[in-house]
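Heads up, the thing below is written out as structure tokens.
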Protein chains: 2
Amino acid sequence: MLRVPYDELYGTLLRAMLRLGIAEDRAAECARLFAETTRDGVYTHGLNRFPRFVASVANGSTDVKAEPVKIAGMGALERWDGRRGIGNLNAKTSMQRAIELAKTHGIGGVALSNTNHWMRGGSYGLQAAEQGLFAICWTNTLANLPAWGATTPTIGNNPLVIAVPRAGGHVVLDMATSQFSYGALAGYAKRGQALPVDGGFDLAGNLTRDAAAIEASQRPLPAGYWKGSGLSLVMDMVAAMLSGGLATHQIPLDPTRESGLSQIFLAIDPRSVGDAQEMNQIAEGILESLRNATPADPGKPVRYPGEQTLQLREENMRLGVPVDPEIWEQISGDASAV
Amino acid sequence: MLRVPYDELYGTLLRAMLRLGIAEDRAAECARLFAETTRDGVYTHGLNRFPRFVASVANGSTDVKAEPVKIAGMGALERWDGRRGIGNLNAKTSMQRAIELAKTHGIGGVALSNTNHWMRGGSYGLQAAEQGLFAICWTNTLANLPAWGATTPTIGNNPLVIAVPRAGGHVVLDMATSQFSYGALAGYAKRGQALPVDGGFDLAGNLTRDAAAIEASQRPLPAGYWKGSGLSLVMDMVAAMLSGGLATHQIPLDPTRESGLSQIFLAIDPRSVGDAQEMNQIAEGILESLRNATPADPGKPVRYPGEQTLQLREENMRLGVPVDPEIWEQISGDASAV
């Protein structure tokens, strides 16, 4: 495994961003979001997504110069147009606006249309938690999942993020509404390993743990079967309707042209209703009760969402951040040519 | 199957409520919520829950005279104390307050502590949708579910409700974060029928579709395994922290004494950001794309959350509302004695 120091990862990504024509301060922010995602162990949505991001810029789906603009709003709720700008920067701007609205009104919301892949959704949950706020946000995606009861993909795997600020480490849920991503299925299929639980249907229409069979049928499961299917659908409805943007069924199916997404960002400022110390004690009580549960496997303590992230971050800062050698060489090679 | 006209169901419940000492207008509202839940086919949370509600009043867990009070707030976010009042009335009052806040600020939120079982969560989603608003709400519950990786129950099956207003019928997701409730497991076990998908672990720790084996192990599954587990945990954290109320691990384990719940009610007024007709068109487009999906079973069209509710409501208004004969006799017998 190739590991590189965080600063080197960041610097290399920054140079690559500048080469794409992104303005300096925005390039720094975009590189930071990519680098932190890989640093935190969310390998699928950091450096490894960079080639797809470059393709999306090259084919015109992402306009690196566009910035989001407010197009409507009242009080604590606003509608913004992402103008097909850079997905992670648009998302960060929108969450920051929701945070500002929440600081004024207790709660704030931004519905964003016309944006691009936000990469790691957890980034925007962390962004709010680091400022002491709770956050709920989600995005729609291209149609990559059959709804429950269907064989053809009509819903997205629309990730949902819920973030809870906590002095001892923020708790951040970042879950796609599919049980396994196509990326995860490919990994299991490549290793010839069975999925830990049913992940989809085979070509005969039976539930299976065989990742290759699911890749063949293109019928991965929504998380919780009918539950994740319904959740994904209503998230698409809320995002597209409030933003006035595209719904999943209207988004191009080519992943490098997946553009015009609709997203929701909600922030809640707890200082408007209570005391931070009291809330922190409540959080500690909940996590302590979780830690005190009897583990199914004595070697595996029960974890809260985001706990592994904090461990991986520490490890990767200490040992260097793991990178895919091929992608790393490609990006650092390109960048050194600048 | 015994079916009774809706008006008779409502009238009988109303008389039963009055016998419990509930004030007239509140009794009417409480009876209406119970009756509508059964009318809409959510049989587990309407009339069939009434005996447990009576027990909760009798043992002092529910104070029929208590009404919720605001204890803190700023702008669009408020914290209310439910004072151990009637769960469905407290929830309705809280959602109505969130709706009022949303009408003023675009978005509004109420965190409610110290309340009781809200019965059918979808009621409060419908309440907002009928007034043209979107809603997100959830509750915590007693600990009835092992977290992913644990064998002992530390999380609740915390239901999540997301409601989308729509001219042609509101779309209302109302999902518990367990894959199957204990009520559903009991039904399958009684009929000796296999669950359609894995519903939990057996005593040997293997995933199973055998409902009786899951009842024996007391290890039902979170919906989506680790996903529903994480979702349930963060919902408990947000509800308890923002309301300053109890978390799942602090709630009494006896279902008739399940009290002091924490709940979140968010409402969004779409008129503050866009045009209702445009949004309705977006909704129709999404549902049309769902209907156009190829069904796995040609006889079963793909449905949206809440679609079955509308069909059952129509059928039950036409044919009479199905009631459990034993519970019906008990309640109507008691009520006629007043």
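Rule-based calculations on the coordinates, nothing more; no lab input. Computed from a predicted structure; not experimentally measured. FYI the Cβ positions are ideal-geometry reconstructions off the backbone, even for glycines, and counts take in every protein chain you see.
Put in line by how crowded their Cβ is, counting other Cβ atoms within 10 Å and starting with the fewest, B:Ile71, B:Ile286, B:Ile162 read B:Ile71, B:Ile162, B:Ile286. Taking every residue in B:267-276 and counting other chain Cβ atoms within 10 Å of its Cβ, the average works out to 6. Counting other Cβ atoms within 10 Å as a rough exposure proxy, the listed residues B:Asp236, A:Asp174 run A:Asp174, B:Asp236 from fewest neighbours to most.
Taking every C-alpha pair closer than 8 Å and separated by at least 6 residues, the mean separation divided by the residue count of chain B gives a relative contact order of 23 percent. Region A:257-338 gives an Rg/Rh value of 1.15, both radii derived from C-alpha positions and Rh following Kirkwood.
Between B:Asp202 and B:Arg52, the modelled label-to-label distance comes to 2.8 nm, taking each label 7 Å out from Cα in the direction of the beta carbon. In this simple spin-label model, placing a label point 7 Å from the Cα along the Cα-to-Cβ direction at both A:Ile327 and A:Asn59 gives a separation of 1.8 nm. Averaging the sequence gap over all C-alpha pairs within less than 8 Å and six or more residues apart, then dividing by the number of residues, gives region A:238-333 a relative contact order of 14 percent.
This ranking places A:Thr38, B:Thr154 by how few other beta-carbon atoms lie within 10 Å of each, fewest first, which gives B:Thr154, A:Thr38.
Per residue of peptide B:159-166, the mean number of Cβ atoms on other chains within 10 Å of the residue Cβ is 3. Taken as Cα centroids, region B:158-185 and region B:6-38 sit 23 Å apart, rounded to the nearest whole angstrom.
As a quick test, which of the pairs A:Lys190/B:Lys227; B:Lys227/B:Lys300; B:Lys70/B:Lys227 have an alpha carbon distance above 30 angstrom in this structure? Going by Cα-Cα distance, B:Lys70/B:Lys227 fall outside the 30 Å limit.
Per-residue Karplus couplings for region A:126-132, computed as 6.51 cos²θ - 1.76 cosθ + 1.60 with θ equal to phi - 60°, are listed in order as 4, 3, 6, 4, 5, 9, x Hz, Gly and Pro entered as x.
The residue list A:Leu77, A:Phe50, A:Val64 was ranked by how far each Cα lies along the charge dipole of region A:43-83 toward its positive end, using unit charges on Cβ atoms, and A:Phe50 comes out on top. In this structure, B:Lys300 and B:Arg191 have a Cβ-Cβ separation that, at R0 = 25 Å, corresponds to a calculated FRET efficiency of about 0.75.
When chain A is treated as a Gaussian network with alpha carbon springs shorter than 10 Å, the biggest mean-square fluctuation among A:Gly82, A:Gly21, A:Gly108 belongs to A:Gly21. Considering the rotation that superimposes chain A on chain B, the residue of A whose beta-carbon lies nearest the axis, and that distance in Å, is A:Gly224, 2.
A simple charge model with +1 on the Cβ of Lys and Arg, -1 on the Cβ of Asp and Glu and nothing else charged puts the dipole of region A:150-226 at about 160 debye relative to its Cα centre.
Simple rule: put +1 on each Lys or Arg Cβ and -1 on each Asp or Glu Cβ in chain B, find the dipole, and look at B:Trp148, B:Val197, B:Gly285; the Cα lying farthest toward the positive end is B:Trp148. Distances, shortest first, from the label point of A:Asp63 to those at the same position in the other copies read 5.9 nm; the point lies 7 Å along Cα to C-beta. Between identical copies, the spacing of B:Gly21 label points, each set 7 Å from Cα toward the C-beta atom, reads 7.5 nm from nearest to farthest.
Placing one equal scatterer on every Cα of the protein assembly as shown and applying the Debye formula, the log10 ratio I(q)/I(0) at q = 0.06, 0.08, 0.10 Å⁻¹ is -0.32, -0.58, -0.93.
Given an 8 Å cut-off on Cα distances and at least 6 residues of separation, report the relative contact order of region B:131-265 as a percent. Relative contact order, region B:131-265: 29 percent. Take chain A, connect every pair of alpha-carbon atoms lying under 10 Å apart with a spring to form a Gaussian network, then pick out the residue of A:Pro196, A:Pro220, A:Pro322 with the largest mean-square fluctuation. Highest fluctuation of the listed residues: A:Pro196.
Over region A:129-242, the Kirkwood radius and the radius of gyration, each from Cα atoms, give a ratio Rg/Rh of 1.05.
Averaged over peptide A:98-110, the number of partner chain Cβ atoms lying within 10 Å of each residue's Cβ comes to 6.
Straight-distance candidates among the lysines for linking to A:Lys65, with alpha-carbon spacing under 21 Å and chain neighbours fewer than 8 residues away dropped: A:Lys92.
Please say if chain A is rounded, prolate or oblate, where rounded means a/c under 1.5 for a ≥ b ≥ c the square roots of the C-alpha gyration tensor eigenvalues, and otherwise the choice is prolate for a/b larger than b/c and oblate otherwise?
Rounded is the answer for chain A, as its axis ratio a/c remains below 1.5.
Placing a label point 7 Å from Cα along the Cα-to-Cβ axis, B:Asp7 is separated from the same position in the other copies by 8.1 nm, shortest listed first.
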